[in-house]
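**Student:** Have a look at the structure that comes next, please.
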Amino acid sequence: MILHNIGVYCDHSFFIALTVMCWIMCVRETLSQAYAPAPTFKYESSENNIKLNTIVSVVCKTPWSAPYPVTVSVGRLDSPSQTPETTEAWVTSEVLRRADTQYFTIPATAKFEGKIVCWYKSTRTELNNPYSELSNPINFVVSALSPPKVTLHPNLFLKGENYTVQCESVYSLVTNFTLSLYYRILPATLGTNWTSAGSLFLTNHTTIVLRQTNAVVPLEFACTMEMLYNGKLLHSSQSNIEQAFPEELPVRLWEQERGESCLGYLDVTLKGKWQPVCQKEVDAEADSSAAAATAEVVCRELGCGQVLNWERILDNKRYFPQTVGGIRCSGKEKKIKDCPLETIEDCKQRSMLYIICSDTLPRPKLSVATYGHVSQLYVTDKQDVTLICSFSSTSLKSVDYGYLQFIKDGTYLSKSYNIPGNSVSITRDALKTSGQYECTYSLQTSKIPLTSPRSNSVIIYLYEPTNPVPIVAGVFTTVVGVAILAYICVFRTATEEVQTNEFPETNTENPENNSSDLPQQLEAKV
């Protein structure tokens, strides 16, 4: 009985084991024929503004449960019953060995428009169905045009000259479209409307042109494009804005620390804004000559005198947007606008022209204490003498400083720290001998350290006075001698008069008259 029960139990266990084994095999067979989980599919950016002939990026992400290693593909979904096996793959990735995100690029043309999907395929050989399900579809439709481009020729022109504006399609192979050009007067404020300059339907060309003559008013231009494409009317967004300024090109010399003055970096007004001038290297000798002549014209135009010095300085702190690529004067021009100018462009070398004009460093003034502005002075070696050197410049500011230096007969005597507007003096301790004295000012706060012309000259003569005793004795002797001489002369004259009266001549012819003359002479004597 027991053996019988044991046999029944064994038969039952065998049946259960067989059933489980069959179920596992069925499940495995079913799983081997099913599709793997679908990947997720999306645009890398917005799908609402797909421009014709651009490259669009899409993203397919495989799940962690995929039967790796796998490859990922992208194609178009043409019918709801379509399967991965029957879908044409436009592009396929490299083999992936774990969950990852794959990026694909698709050209935005009519050939690729429609619903597109992605899927993956396992490279494992034991699977009966290596494919995944198709991903969610995304709609790939060309919906816009890339904006055309506006250009100005020349991009730098003077007031009263001519220029042309071009609106050009970015599609070289596309035909049958319309370009529209618009303008508005500058300065334009927010909300200022555009005025149509005209539209043209093009079949064999890609550009429209507007010619402007005797330009006086500043304008800005933009354009748009539209065309019928694959049954849709496509529009572009507005192009770039190009400003047409009839330039007068005023200039300035400017630095952050002192603002506008007669020294600094050369700036020019372009399109209503101050911009640094990019002085590019062309030819060493020719470029130096042009830079020197340009500096001379700038100083003349600004009324800052003559050019003292200039240098081409590299400055990476200042931004060079669209600016003049170089000014090449001959030196005879009255203003910068009369010089040959290169076109407006981005400056890559960032080299600027730094100029110092003569009004920045006028001649210092040298004077003598108590005597004022004299050119010559005679003093004794015991006499106190103080020379005063003063320097002042309207171009220099409170941030500027330098050194006042005294010079004697061409040799530097001393220097003193000085802020423009103050004076420095030197006393007789340094003035031990005769000589010609001058002073100069050396500016330290400009990008180019520079010394002013020399001041006016003061010639000092030192002499030793003679002994006063011999001089007094000589004067005394001279006075005594003069007195004695005067006395002798006066005494002698009086004596001669008396002797003549004591012995008058007798008038023998008229005796009566003789008696009357004598008392008169005696009375005269008394």
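The values are calculated or read from the model by the stated rules, or taken from the named source; none is laboratory data. All figures in this text were calculated on a predicted structure; none of them were measured in a lab. Cβ: placed from backbone, ideal geometry, glycine included. Neighbour counts: every protein chain shown. With ligands, DNA and RNA removed, areas are computed over all heavy atoms of the protein, side chains included. Shrake-Rupley method; radii C 1.70, N 1.55, O 1.52, S 1.80 Å.
**Student:** Points 7 angstrom from Cα along the Cβ direction at Ser414 and Ser434: gap in nanometres?
**Tutor:** 2.4
**Student:** Output the pairs from Lys365/Lys408; Lys271/Lys317; Lys332/Lys397 with a Cα-Cα distance over 25 Å in this structure; if there are none, say none.
**Tutor:** Numbers: Lys365/Lys408 15 Å; Lys271/Lys317 22 Å; Lys332/Lys397 31 Å.
Violating the 25 Å limit, Cα to Cα: Lys332/Lys397.
**Student:** Okay, moving on. Once fully extended, how much extra length lies between Thr105 and Trp64, figured as 0.36 nm per residue of separation less the alpha-carbon to alpha-carbon distance? Don't skip to the answer; put the middle values down first.
**Tutor:** Values: separation 41, 0.36 × 41 = 14.76 nm, distance 2.37 nm.
Between Thr105 and Trp64, full extension yields 12.4 nm more.
**Student:** Taking 56 Å as R0, compute the FRET efficiency from the Cβ-Cβ separation of Ser237 and Asp338 and round it to 0.05.
**Tutor:** 0.85
**Student:** Taking 0.36 nm per intervening residue step and subtracting the Cα-Cα distance, what contour gain separates Leu158 from Ala188 on full extension?
**Tutor:** Here the segment from Leu158 to Ala188 would lengthen by 8.7 nm.
**Student:** For Ala292 and Val399, what is the calculated FRET efficiency with R₀ set at 30 Å and r taken between the beta-carbons, to the nearest 0.05?
**Tutor:** According to the calculation, E is roughly 0.60.
**Student:** State to the nearest 20 debye the size of the charge dipole of region 125-243 about its Cα centre, where the only charges are +1 on K and R beta carbons and -1 on D and E beta carbons.
**Tutor:** Charge dipole, region 125-243, about its Cα centre: 480 debye, nearest 20.
**Student:** Going 7 Å from the Cα of Glu260 toward and past its Cβ, which residues in region 392-411 have a backbone nitrogen under 17 Å from where you end up?
**Tutor:** Those under the cut-off are 394-397.
**Student:** Here is a further query. Could you sort the peptides 451-464, 216-229, 180-193 by per-residue average Cβ neighbour count (10 Å cutoff), highest mean leading?
**Tutor:** Averaged packing, sorted descending, gives the order 216-229, 451-464, 180-193.
**Student:** Turning to a different aspect of this structure: Computed over the Cα atoms, what is the radius of gyration of region 244-403 divided by 2.2 N^0.38 Å, N being its residue count?
**Tutor:** Here the Cα radius of gyration is 1.34 times the empirical estimate.
**Student:** When ranked by the protection proxy of mean other Cβ atoms within 10 Å per residue, highest first, what sequence do the peptides 75-84, 417-426 form?
**Tutor:** Result, highest mean first: 417-426, 75-84.
**Student:** Please name whichever of Phe221, Asn193, Thr203 sits farthest to the positive end of the charge dipole of region 192-266, dipole taken about the Cα centre and charges placed at Cβ: Lys and Arg +1, Asp and Glu -1.
**Tutor:** Toward the positive end, the furthest listed residue is Thr203.
**Student:** Under the 0.36 nm per residue contour assumption, what length would be gained going from the current alpha-carbon distance of Arg211 and Thr445 to full extension? Please report the intermediate quantities before stating the final value.
**Tutor:** Values: separation 234, 0.36 × 234 = 84.24 nm, distance 4.93 nm.
Length difference between fully extended and current span is 79.3 nm.
**Student:** On to the next question. Given N residues in region 377-462, what is Rg(Cα) / (2.2 N^0.38 Å)? Write down the numbers at each step before the final one.
**Tutor:** Numbers: Rg = 13.9 Å, N = 86, 2.2 N^0.38 = 12.0 Å.
Normalised Cα radius of gyration, region 377-462: 1.16.
**Student:** Provide, as a two-decimal number, the C-alpha radius of gyration of region 72-128 over 2.2 N^0.38 Å, N being how many residues it has.
**Tutor:** Rounded to two decimals, the normalised Rg is 1.25.
**Student:** When every alpha-carbon pair in region 234-310 is counted, what percent end up more than 18 Å apart? The partial results should precede the final answer.
**Tutor:** Numbers: 1576 of 2926 pairs.
Across region 234-310, Cα pairs with separations above 18 Å total 54 percent.
**Student:** For a quick protection proxy, order the peptides 391-402, 151-162, 88-99 by their average other-Cβ count within 10 Å, most packed first.
**Tutor:** On the way: 391-402: 17.6, 151-162: 15.2, 88-99: 13.0.
Ranked from most to least packed, the peptides come out as 391-402, 151-162, 88-99.
**Student:** Assuming a viscosity of 1.567 mPa s and a temperature of 4 °C, what translational diffusion coefficient in µm² per second does Stokes-Einstein assign to region 130-191, Rh being the Kirkwood radius over Cα pairs?
**Tutor:** On the way: Rh = 16.8 Å.
Translational diffusion coefficient: 77 µm²/s.
**Student:** D for region 38-94, whole µm²/s, Stokes-Einstein with Kirkwood Rh over alpha-carbon pairs at 20 °C and 1.002 mPa s: what number?
**Tutor:** 160
**Student:** While we're on this one: Under a Cβ-only charge scheme (Lys and Arg +1, Asp and Glu -1), can you give me the dipole magnitude of region 38-151 about the Cα centre, in debye to the nearest 20?
**Tutor:** Roughly 260 debye for region 38-151.
**Student:** Could you point to the residue in Ala369, Phe391, Val379 farthest towards the positive end of region 365-421's charge dipole, with +1 and -1 charges on the Cβ of Lys/Arg and Asp/Glu respectively?
**Tutor:** Going by the charge dipole, the pick is Phe391.
**Student:** Still on this structure, I have one more. Check cross-link reach from Lys111 to the lysines: straight Cα distance under 28 Å, and skip same-chain residues fewer than eight apart.
**Tutor:** Lys42, Lys51, Lys61, Lys121, Lys149, Lys232
**Student:** So, one more: Just how much of Trp119 is accessible, in Å², when a 1.4 Å probe is used and the result is rounded to the nearest 10?
**Tutor:** Accessible area of Trp119: about 10 Å².
**Student:** Could you look at region 264-413 and say what percent of its accessible area is carbon and sulfur, using a 1.4 Å probe and all protein chains?
**Tutor:** Answer for region 264-413: carbon and sulfur cover 48 percent of the accessible area.
**Student:** Determine the dipole magnitude for region 194-309: charges of +1 sit on the beta-carbon of Lys and Arg, -1 on that of Asp and Glu, nothing else is charged, the reference point is the Cα centre, and the result goes in debye to the nearest 20.
**Tutor:** On the way: 8 positive and 15 negative charges, 121 e Å.
It comes to approximately 580 debye.
**Student:** Now a separate question. Going 7 Å from the Cα of Leu77 along its beta-carbon direction, which residues of region 124-141 have the amide nitrogen within less than 19 Å of the resulting point?
**Tutor:** Answer for region 124-141: 131-141.
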